[in-house]
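The values are calculated or read from the model by the stated rules, or taken from the named source; none is laboratory data. Fair warning: this is a prediction, and the values are worked out from it, not measured in the lab. Positions of Cβ are generated from backbone atoms using ideal geometry, with glycine treated the same way; all protein chains shown enter the neighbour counts.
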Amino acid sequence: MKPLLEQVYVCPKTKARLRLEREDDVSNPEVVQGRLISQEGTEYPIEDGIPYFIFPGQLGDLETKSQSEYDHVYTEEFYQNAIDWQFASLYEDEDRVREFMTDQLHLTPNARVLELSCGLNYFASSAALLPFSDGYFDAVFHFGGFNDFEDPKAAFEELARVVKKGGKVVVGDESVAPWLTGTTFGKITCTNNPLFEYEAPLDALPESARDVTVRWIIGNCFYLIDFRVGDGPPQLNLDLPHKGRRGGTLRSRYYGRLEGVTPETKELALAAVERRGCSMYEWLERLVREAAERDLAD
């Protein structure tokens, strides 16, 4: 780990700054052994140059199983053979596909990008608790591991948090396209690797997701979701009046309904609205205001 990363990493739980304590030769340009310490005293070890931000009990069963497999089963040779076979079996060009995926990030020359699950050991943490400040990156890229996340919604929220407003998030993993589910092609693919039975996690996207695109790539066996990060949920003009007999606004139709009264009272209210020739919103607004002003004057 480079010493200057002390100014970049934050506590994944509190997002507060960390203090570096070295346990190796300080003349070494790389930190090999040491720890990063939060203001609350939480310590994150640095072992063989890799900072570990995963604390006990943080990972779920699925994540723990996946971590163990990658640490002890998936050697570099095993992984590369599997990748080569996958692209060849679907008649796909790996370089072309990877260029297409990274093109969706819409990067500029000086963009700051976070790549997750890349296998290069930049750092180790949960995707749901990243050791970076809000909006630190221009884009985030992750491919081939999202299906193993215990809480995909929390992961998407965290990816969006560390990206600047307007920046891109691109995520992909195994999933046979829905229109191929149940076909001979789909059955063969999923029998070979059950991971392809996963569905694209569209229901886990954050409220801040904008301009969402979902594609199926690599022989329609992998989803690729990309979106821009907005500022919270889409905007709504809650007080723009509707035209017509029902009237009201988004606010009044959601918060000011008659479902809380008896059916008989609701029928009387509808009849009164009909006779007065106004909208239910206008009738309720007048009625509540008159009653409130009367009671306050007593």
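Within the stretch 153-189, restricting attention to residues that are acidic (Asp, Glu) and crowded, with 19+ Cβ neighbours inside 10 Å, which residue is farthest from residue 222 (Cα to Cα)?
Among those that are acidic (Asp, Glu) and crowded, with 19+ Cβ neighbours inside 10 Å, it is 158.
Could you say whether any residue in the stretch 78-87 is assigned to a loop (DSSP other than H, G, I, E, B), assigned by TED's automatic domain parsing to the domain that holds residue 152 and at pLDDT below 80?
No, there is no match, as no residue in the stretch 78-87 is assigned to a loop (DSSP other than H, G, I, E, B), assigned by TED's automatic domain parsing to the domain that holds residue 152 and at pLDDT below 80.
Could you run through the stretch 267-298 and say how many residues are surrounded by 11 or more Cβ atoms within 10 Å (Cβ to Cβ), modelled with pLDDT under 85 and charged (D, E, K, R)?
Of the residues in the stretch 267-298, 2 are surrounded by 11 or more Cβ atoms within 10 Å (Cβ to Cβ), modelled with pLDDT under 85 and charged (D, E, K, R).
I need a count of the residues in the stretch 1-49 that are part of a strand (DSSP E or B), over 17 Å from residue 124 (Cα atoms) and under 30 Å from the mean Cα position of the chain (by Cα).
Summing the residues that are part of a strand (DSSP E or B), over 17 Å from residue 124 (Cα atoms) and under 30 Å from the mean Cα position of the chain (by Cα) in the stretch 1-49 gives 2.
Restricting to the stretch 110-144, give me the number of residues that are at positive phi and touching a residue at least 40 places away in the same chain (Cβ under 8 Å).
2
Here's the yes/no breakdown for (1) touching a helix residue (DSSP H, G or I) at 6+ places or on another chain (Cβ under 9 Å); (2) farther than 17 Å from residue 105 by Cα:
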residue	(1), (2)
180	yes, yes
191	no, yes
194	no, yes
199	yes, yes
213	no, no
224	yes, no
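I'd like the residue in the stretch 190-215 that is more than 14 Å from the chain's Cα centre (by Cα) and closer than 15 Å to residue 144 by Cβ and, out of all such residues, is surrounded by the most Cβ atoms within 10 Å (Cβ to Cβ).
Here the residue is 196.
Of everything in the stretch 242-257, what is in contact (Cβ under 8 Å) with a residue 24 or more places away in the chain and either exposed (fewer than 14 other Cβ atoms within 10 Å of the Cβ) or not in a loop (DSSP other than H, G, I, E, B) (or both)? Give them in sequence order.
Matches in the stretch 242-257: 244, 245, 246, 252, 253.
Kindly indicate which of 224, 284, 236 is outside the structural domain of residue 93 (by TED's automatic domain parsing), touching a residue at least 12 places away in the same chain (Cβ under 8 Å) and closer than 30 Å to residue 162 by Cβ.
Being outside the structural domain of residue 93 (by TED's automatic domain parsing), touching a residue at least 12 places away in the same chain (Cβ under 8 Å) and closer than 30 Å to residue 162 by Cβ holds for just one of 224, 284, 236, which is 236.
Does residue 216 count as of a type in the set (A, V, I, L, M, F, W, C) and part of a helix (DSSP H, G or I)?
So residue 216 fails the test.
So, restricting to helices (runs of 4 or more DSSP H) that lie completely within the stretch 93-197, which ones have at least 3 residues that are assigned by TED's automatic domain parsing to the domain that holds residue 65, touching a strand residue (DSSP E or B) at 6+ places or on another chain (Cβ under 8 Å) and modelled with pLDDT of 95 or more?
In the stretch 93-197, the matching helices (runs of 4 or more DSSP H) lie at 94-103, 152-161.
Within the stretch 1-58, work out how many residues are of a type in the set (Gly, Ala, Ser), surrounded by fewer than 16 Cβ atoms within 10 Å (Cβ to Cβ) and touching a Ser or Thr at 6+ places or on another chain (Cβ under 7 Å).
Residues that pass the stated criteria total 1.
Please go through the stretch 262-298 and pick out each residue that is of a type in the set (Val, Ile, Thr), assigned to a helix (DSSP H, G or I) and within 45 Å of the chain's Cα centre (by Cα).
Passing the criteria: only 288.
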